[in-house]
Amino acid sequence: FLGAGKPPMYGDYEAQRHWQEVTYNLPIRQWYFNTSDNNLLYWGLDYPPLTAYHSFVCAYIAKLINPDWIALHTSRGYESQPHKLFMRTTVFVADLLVYIPAVILYCFSLKETSTKKKASICALCILLYPGLILIDHGHFQYPLSLGFALWGVLYLSYDWDLLGSVAFCLALNYKQMELYHSLPFFCYLLGKCFKKGLRGKGLALLTKIAGTVVVSFAVCWLPFCTDMEQIMQVLRRLLFEACMFSSPHPADKVANIWCSLSVLIKIKNIVSPQTQLKLSFAVTFLSLLPTCIKLTVQPSLRGFKFALVSCALSFFLFSFQVHEKSILLVSVPVCLIINEIPFMATWFLLVSTFSMLPLLLKDGLLLAYAVTTLAFLSACVASFSILEKTSAEDLQLKPFSLSLKGYVSWFKSFPKIVRSLFLLSVTLMGVLSVTSAAVHPPQRLPDLFPVSVSLISCLHFLLFLVYFNVVILWDSKNSRSQKKIS
């Protein structure tokens with residue numbers, strides 16, 4: 001894992017272990033405060049309360065096995081093989097209890113997967129997504145926030161709106177980056193209330209949802225509600241994580257628009273950070289607006305799932321600061337629509353994994369990257385026959401093609417063009433992956449390969465953003481109510 005055996009910070013693995021040390025040995029009121037026993041500059045807690053509670057539960061079990069693993073101060077940098085096994089087991093258990101059941105139940109609930117075999121195949125492809133597997137392994141990230149968000153989508157698909165609200169509140173209280181998905185949840189539920197009428201059932205539903213959200217947050221934050229100073233300190237730590245930890249290292253190249261543009265135009269030399277912050281906010285807001293308006297005015301489950309993808313991708317591309325790993329917040333919603341548009345979903349998930357290549361190479365995960373990517377691609381090709389599903393109808397672009405009127409004839413060659421672009425894209429990613437791993441860059445251009453990965457990935461993501469917005473805005477199905485899944 002990244003940072004193993006390298007003091008003074010030791011890497012993400014140590015962050016998770018240290019949080020267990022802090023939460024077990026210190027009273028709750030000190031978890032987020034800088035004290036002699038809790039140096040916040042050394043992996044200080046900067047995630048919401050549910051992450052802290054989870055760390056405490058893991059620490060309690062660790063204490064029963066070997067107290068040295070979480071001994072205050074003396075356990076820093078602890079990396080024994082039994083402890084690594086324990087930590088990996090905690091990730092697997094979290095997967096097994098939250099993320100994997102959500103994926104399986106979601107796939108079995110889809111009306112498109114009418115048989116158990118189809119549902120199993122869909123679940124297998126989602127669980128084989130290499131990006132999540134590799135980041136869980138290399139950066140020791142628990143998938144609980146994404147798992148809770150999936151439970152939220154699953155509940156909403158059954159019209160269990162209150163349970164869906166609770167599940168998403170849990171996701172947000174585990175990791176604040178779930179804000180990427182907050183607008184689609186908000187707009188979809190608000191649209192349902194509008195549709196029922198805000199003078200009758202709609203108002204009752206809105207009141208219930210608001211009450212559910214307030215109660216869910218109150219329960220999660222209850223131990224920190226002893227005084228206002230506690231609450232403000234936790235919020236400051238969460239903002240610290242958003243502003244500092246999510247910011248890429250200066251040498252890192254992230255596949256969003258600002259990092260890509262900086263290769264050609266040194267934006268920071270033209271405008272101040274404050275101006276760039278305002279600009280990024282404006283661009284992000286404008287890119288989100290059409291999708292959110294459409295979802296609020298015409299709420300549908302299908303539109304909601306596509307909006308999760310589009311909004312998360314807008315945040316990733318246009319936010320002022322972002323981490324390479326944030327692309328997972330886009331990729332998991334894409335997994336939810338892999339049964340509807342298998343070709344484009346598979347393509348996006350391949351690109352999302354490729355966009356993290358420099359990070360994966362730092363982790364020494366080249367072989368794992370190659371094996372998992374090939375396994376995922378093979379499973380999707382065999383399960384969905386993706387290369388045969390490239391027509392305008394298969395890609396959900398038929399309403400858009402019909403709106404072009406005189407240009408419809410151009411769509412006759414569309415499947416062939418799309419397949420060619422896909423094969424070119426996969427070939428380019430394969431060649432650049434091998435080159436990045438095997439060839440030393442020129443001395444004058446030490447960042448040549450990471451920059452190339454960033455630019456190519458960003459170009460792909462911009463095209464995907466346009467594609468998903470076209471599907472959402474031209475989708476005539478969104479103007480009708482979706483039938484509840486039985």
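Within region 45-57, does at least one residue satisfy the condition of being open to solvent by less than 70 Å² (accessible area, probe 1.4 Å) and over 20 Å from Ser145 (Cα atoms)?
no
Please go through region 1-35 and pick out each residue that is within 15 Å of His73 (Cα to Cα), part of a loop (DSSP other than H, G, I, E, B) and at pLDDT 90 or above.
Within region 1-35, Leu26, Trp31, Asn34 meet the criteria.
Please name all residue pairs, on different chains or six or more residues apart, with Cβ atoms under 7 Å, provided the first residue is in region 56-70 and is under 12 Å from Met87 (Cα atoms) and the second residue is surrounded by fewer than 16 Cβ atoms within 10 Å (Cβ to Cβ).
none
Give me the helices (runs of 4 or more DSSP H) completely within region 387-476, filtered to those with at least 3 residues that are open to solvent by 80 Å² or more (accessible area, probe 1.4 Å), within 23 Å of Leu349 (Cα to Cα) and of a type outside the set (Gly, Ala, Ser), ordered by residue number.
414-438, 448-473
Give me the helices (runs of 4 or more DSSP H) completely within region 36-115, filtered to those with at least 3 residues that are modelled with pLDDT of 90 or more and under 13 Å from Val22 (Cβ atoms), ordered by residue number.
Helices (runs of 4 or more DSSP H) meeting the threshold: 49-65.
For region 144-163, which positions are free of Cβ contacts under 8 Å to residues at least 60 places away in the same chain, surrounded by fewer than 24 Cβ atoms within 10 Å (Cβ to Cβ) and touching a Phe, Trp or Tyr at 6+ places or on another chain (Cβ under 8 Å)?
Answer for region 144-163, where residues must be free of Cβ contacts under 8 Å to residues at least 60 places away in the same chain, surrounded by fewer than 24 Cβ atoms within 10 Å (Cβ to Cβ) and touching a Phe, Trp or Tyr at 6+ places or on another chain (Cβ under 8 Å): Leu154, Asp161, Leu163.
If Val418 passes every condition in (1) out of contact with any Ser or Thr (no Cβ under 7 Å at 6 or more places or on another chain); (2) farther than 30 Å from Tyr99 by Cβ; (3) touching a residue at least 12 places away in the same chain (Cβ under 8 Å) but one, which one does it miss?
Of (1) out of contact with any Ser or Thr (no Cβ under 7 Å at 6 or more places or on another chain); (2) farther than 30 Å from Tyr99 by Cβ; (3) touching a residue at least 12 places away in the same chain (Cβ under 8 Å), only one is false for Val418: (1).
Could you look through region 273-304, keep only residues that are among the small types (Gly, Ala, Ser), surrounded by 14 or more Cβ atoms within 10 Å (Cβ to Cβ) and more than 19 Å from the chain's Cα centre (by Cα), and pick out the one that is farthest from Val466 (Cα to Cα)?
Looking at the filtered set, the residue picked out is Ser300.
Does Cys107 satisfy the condition of being open to solvent by less than 10 Å² (accessible area, probe 1.4 Å), touching a residue at least 24 places away in the same chain (Cβ under 8 Å) and on the phi < 0 side of the Ramachandran plot?
Against the criterion (open to solvent by less than 10 Å² (accessible area, probe 1.4 Å), touching a residue at least 24 places away in the same chain (Cβ under 8 Å) and on the phi < 0 side of the Ramachandran plot), Cys107 qualifies.
Every residue, every condition in (1) closer than 18 Å to Tyr180 by Cβ; (2) in a helix (DSSP H, G or I), yes or no:
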| site | (1), (2) |
| --- | --- |
| Gln321 | yes, no |
| Lys325 | yes, yes |
| Ser331 | yes, yes |
| Leu350 | no, yes |
| Leu359 | no, yes |
| Leu367 | no, yes |
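With respect to Ser120, determine if the residue is among the polar types (S, T, N, Q) and either in a loop (DSSP other than H, G, I, E, B) or over 15 Å from Cys335 (Cα atoms) (or both).
So Ser120 does not fit the description; no.
Looking at Ala382, is it open to solvent by less than 10 Å² (accessible area, probe 1.4 Å) and part of a helix (DSSP H, G or I)?
Judged against the criteria, Ala382 is not a match.
So, in region 62-76, how many residues would count as being surrounded by fewer than 16 Cβ atoms within 10 Å (Cβ to Cβ) and hydrophobic (A, V, I, L, M, F, W, C)?
Number of matching residues: 4.
Pull up region 77-104, narrow it to residues that are loosely packed, with under 15 Cβ neighbours inside 10 Å and among the β-branched types (Val, Ile, Thr), then point me to the one that is farthest from the chain's Cα centre (by Cα).
Thr89
The values are calculated or read from the model by the stated rules, or taken from the named source; none is laboratory data. None of the values given here were measured: they were computed from a predicted structure. No Cβ is skipped: glycine too gets one built from the backbone with ideal geometry, and neighbour counts run over all protein chains shown. Heads up: the accessible areas ignore ligands, DNA and RNA and are worked out on the full protein's heavy atoms, side chains in. Shrake-Rupley method; radii C 1.70, N 1.55, O 1.52, S 1.80 Å.
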